[in-house]
Amino acid sequence: MTSLPPGGTVFPMADGEAASLEERAGAVRDEIFGREIFVRGVIEVSNYCRQNCDYCGMRRGNRSLKRFRLELENLRELVRHGLPDVITDLNIQTGEDTVGDREIVLPLLETIRQEKAQLGISVCLGTLDHKLYDELKAAGASYYIIKMETGNRDHYREVHAPGTFDQRLAAIRYLAASGWAVSSGFILGLPGQTRARIEETLELLGELPLAGASVSPFIAGEQTPFAQEPPGNFELTIECIARLRLRNPSYIIPAVSALNLVNADGYLRALRAGANLATINLTPSTNRGDYLLYKRDRVIMHEQRVRAAIAQAGCAISKVSIAETLRQREVLSRVSAIRAVA
Ligand code: SAM
């Protein structure tokens with residue numbers, strides 16, 4: 001498979017240009033969001049998955065993985081009494097597991113809505129049917145994370161990403177049209193990636209009806225066809241985060257925790273390059289090891305690490321949720337549209 005060589009930049013850059021790209025991206029983020037960073041908790045509720053992505057440790061073909069679904073009552077307890085004060089949003093994530101969605105995620109969302117109404121709710125549950133998206137929204141979620149993984153149709157097929165590329169894009173469009181804020185994204189360094197394919201992906205991430213997007217470095221998953229492949233290039237990941245911010249000033253762009261696996265300053269560098277969201281993993285530690293996107297030693301971002309990285313980047317923690325920020329933005333744009341017509 002022809003892959004991107006582990007070095008260089010998406011576009012050729014002169015000395016110092018990469019640093020200035022990151023600085024400009026950080027300045028654009030500051031202009032739109034102040035120096036404020038959202039902090040979102042993530043709970044990985046189930047690692048059952050019906051998909052068989054070549055890059056992901058949770059693929060259904062990984063028979064050595066111990067599968068789990070967390071207990072609804074334990075999750076309710078966590079939501080009621082175990083959430084750190086610093087988070088304004090909560091992301092519920094699973095493999096693609098419609099049983100888990102119905103038996104755990106939907107009732108959990110109802111509990112959050114009733115008992116923690118101020119929390120913004122994101123979900124990352126895969127490509128589902130429209131009815132289930134609608135039910136999740138009715139239960140209180142408003143932000144759907146669905147990554148395209150690569151913006152090139154052939155590449156998507158080659159790595160056996162979920163369903164087909166067209167289905168994934170149709171899902172993004174349906175979600176956005178039915179009132180969800182949608183975040184997508186891609187894996188930098190996925191085997192078979194080329195510079196042209198990265199550029200194509202960045203273009204598409206700017207054209208789709210998105211509220212946010214992410215760049216995650218590829219990290220080889222154990223027990224996957226890509227187990228021996230090298231990790232995604234760190235500098236290129238940071239460059240893509242900066243380019244994403246410069247092209248899409250208003251996007252919510254996370255500093256993904258996998259960045260710290262490829263570089264000790266990964267989180268900090270992403271925040272400096274324009275990222276504006278940090279995540280804290282709240283999956284109970286007994287199950288974390290089995291939520292296997294890649295290796296068992298993935299870096300778990302704890303509250304203190306997140307606070308330290310945000311402070312070191314010279315930023316502050318947002319007190320307003322992503323969900324509320326986007327709601328206010330929509331109200332403002334409706335008001336200006338009405339004024340323009342009047
Ligand atoms: N199954 C759902 C879906 O397809 O959207 C959500 C869960 S899935 C495990 C979450 C994300 O993990 C994927 O969208 C993918 O980008 C990321 N991921 C999986 N394996 C990865 C790897 N080896 N390196 C980096 N990111 C990976």
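Got a sec? Which of LYS137, LYS147 is open to solvent by 50 Å² or more (accessible area, probe 1.4 Å), outside any helix (DSSP H, G or I) and within 21 Å of ILE252 (Cβ to Cβ)?
Sole residue among the options that is open to solvent by 50 Å² or more (accessible area, probe 1.4 Å), outside any helix (DSSP H, G or I) and within 21 Å of ILE252 (Cβ to Cβ): LYS147.
Failed condition for GLU36, given (1) farther than 16 Å from GLN93 by Cβ; (2) touching a His at 6+ places or on another chain (Cβ under 9 Å); (3) of a type outside the set (A, V, I, L, M), with all others met?
The one condition GLU36 does not meet is (2).
For residues that are outside any loop (DSSP other than H, G, I, E, B) and open to solvent by 50 Å² or more (accessible area, probe 1.4 Å), tally how many sit in the stretch 99-134. Break it down into steps so the answer makes sense when it comes.
Taking the stretch 99-134 first, the residues outside any loop (DSSP other than H, G, I, E, B) are 99-115, 120-124, 130-134.
Now narrow it down to the ones that are open to solvent by 50 Å² or more (accessible area, probe 1.4 Å): 99, 102-103, 110, 113-115, 130-131, 134.
Looking only at that region, the number is 10.
Going by the structure shown, is PHE165 buried (at least 18 other Cβ atoms within 10 Å of the Cβ) and within 10 Å of the ligand (Cβ to nearest atom)?
In short, no.
One line per residue, one yes/no per condition, for (1) farther than 19 Å from TYR55 by Cβ; (2) among the hydrophobic types (A, V, I, L, M, F, W, C):
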residue	(1), (2)
TYR174	yes, no
PRO191	no, no
THR194	no, no
GLY206	yes, no
PHE218	no, yes
PHE226	no, yes
GLU229	no, no
ASN233	no, no
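Looking at (1) in contact (Cβ under 8 Å) with a residue 24 or more places away in the chain; (2) of a type in the set (A, V, I, L, M); (3) open to solvent by 30 Å² or more (accessible area, probe 1.4 Å), can you tell me which one ALA275 breaks?
Going through (1) in contact (Cβ under 8 Å) with a residue 24 or more places away in the chain; (2) of a type in the set (A, V, I, L, M); (3) open to solvent by 30 Å² or more (accessible area, probe 1.4 Å) one by one, ALA275 breaks only (3).
Kindly check whether there is at least one residue in the stretch 158-170 that is touching a residue at least 12 places away in the same chain (Cβ under 8 Å), of a type outside the set (Val, Ile, Thr) and closer than 23 Å to VAL39 by Cβ. Walk me through it before giving the result.
Step one: filter the stretch 158-170 for residues touching a residue at least 12 places away in the same chain (Cβ under 8 Å), giving 158-163, 165-169.
So of that shortlist, the ones also of a type outside the set (Val, Ile, Thr) come out as 158, 160-163, 165-169.
From the residues that got through so far, the ones that are closer than 23 Å to VAL39 by Cβ too are none.
No.
I'm trying to understand the selection: among the residues of the stretch 209-255, which are within 12 Å of the ligand (Cβ to nearest atom), small (Gly, Ala, Ser) and either touching a strand residue (DSSP E or B) at 6+ places or on another chain (Cβ under 7 Å) or open to solvent by 10 Å² or more (accessible area, probe 1.4 Å) (or both)?
Matches in the stretch 209-255: ALA213, SER214, SER216, ALA227, GLY232.
Just name the residue that is nearest to TYR156 (Cα to Cα) out of those in the stretch 39-49 that are within 11 Å of the ligand (Cβ to nearest atom) and either open to solvent by 10 Å² or more (accessible area, probe 1.4 Å) or not in a strand (DSSP E or B) (or both). Steps first, please.
Restricting attention to the stretch 39-49, the residues satisfying the condition of being within 11 Å of the ligand (Cβ to nearest atom) are 42, 44-49.
Now drop any that are not either open to solvent by 10 Å² or more (accessible area, probe 1.4 Å) or not in a strand (DSSP E or B) (or both), which leaves 42, 47-49.
Working: VAL42: 26, ASN47: 22, TYR48: 21, CYS49: 18 Å.
Across the stretch 39-49, the extreme among qualifying residues is CYS49.
Just to confirm my filter: which helices (runs of 4 or more DSSP H) fall fully inside the stretch 153-223 and include at least 1 residues that are among the aromatic types (Phe, Trp, Tyr)? Even if it seems obvious, please write down each step before you answer.
Details: elements: 153-158, 165-177, 195-207.
In the stretch 153-223, the matching helices (runs of 4 or more DSSP H) lie at 153-158, 165-177.
Quick check on GLU36: is it away from the ligand (no atom under 16 Å from the Cβ) and at pLDDT 95 or above?
Here the answer is yes, as GLU36 does meet what is asked.
Which of the residues spanning the stretch 68-97 are touching a helix residue (DSSP H, G or I) at 6+ places or on another chain (Cβ under 7 Å) and without any contact (Cβ under 8 Å) to a residue 40 or more places away in the chain?
Passing the criteria: ARG69, LEU72, LEU75, ARG76, VAL79, ARG80.
Please verify whether the stretch 64-82 includes one or more residues that are polar (S, T, N, Q) and open to solvent by less than 20 Å² (accessible area, probe 1.4 Å).
Looking only at the stretch 64-82, we keep the residues that are polar (S, T, N, Q), and these are 64, 74.
Retained after the next criterion (residues that are open to solvent by less than 20 Å² (accessible area, probe 1.4 Å)): none.
Among the residues of the stretch 64-82, not one is polar (S, T, N, Q) and open to solvent by less than 20 Å² (accessible area, probe 1.4 Å), which makes the answer no.
Anything in the stretch 50-98 that is closer than 15 Å to LEU125 by Cα, in contact with a strand residue (DSSP E or B) (Cβ under 8 Å, 6 or more places away or on another chain) and within 10 Å of the ligand (Cβ to nearest atom)? List them, or say none.
Within the stretch 50-98, CYS53, GLN93, THR94, GLY95, ASP97 qualify.
The values are calculated or read from the model by the stated rules, or taken from the named source; none is laboratory data. Quantities reported herein were computed from a predicted structural model and do not represent experimental measurements. Neighbour counts run over all protein chains shown; Cβ positions are idealised from the backbone, glycine included. Heavy atoms of the whole protein, side chains included, go into the accessibility calculation; ligands, DNA and RNA do not. Shrake-Rupley method; radii C 1.70, N 1.55, O 1.52, S 1.80 Å.
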